[in-house]
Amino acid sequence: MQILAGVPAAADIWTGASINVGEVYASLARDITNGTRHTPGFQHAAHNSRLVARVEQAARTGVRH
């Protein structure tokens with residue numbers, strides 16, 4: 001990961017939950033600058049959403065799938 005000189009990282013600006021959004025924007029900016037594709041996309045978000053839903057279901061029912 002390349003950090004741009006003089007450009008603060010998201011962690012230098014934001015705290016709490018907003019840091020996640022800031023880190024994604026910072027990653028996207030690096031991808032645009034460097035011509036790379038490292039920023040997670042929709043498939044990653046959909047996978048995480050399904051994972052969280054299964055964890056919540058397991059917590060409610062006591063059954064893991």
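For first residues located in the range 2-22 and under 19 Å from residue 37 (Cα atoms) and modelled with pLDDT of 70 or more, partners that are part of a loop (DSSP other than H, G, I, E, B) and of a type outside the set (S, T, N, Q) and lie 6+ apart or on another chain with Cβ distances below 6 Å form the pairs 22/14.
Filter the range 6-62 down to residues that are in a loop (DSSP other than H, G, I, E, B) and not polar (S, T, N, Q), then give me how many there are. The qualifying residues number 13. Residues in the range 24-64 that are of a type in the set (D, E, K, R), under 17 Å from the mean Cα position of the chain (by Cα) and farther than 24 Å from residue 7 by Cβ: 50 only.
The values are calculated or read from the model by the stated rules, or taken from the named source; none is laboratory data. Remember, it's a predicted structure, so these values are computed and weren't measured experimentally. We place every Cβ from the backbone using ideal geometry, glycine too, and count neighbours over all the protein chains shown.
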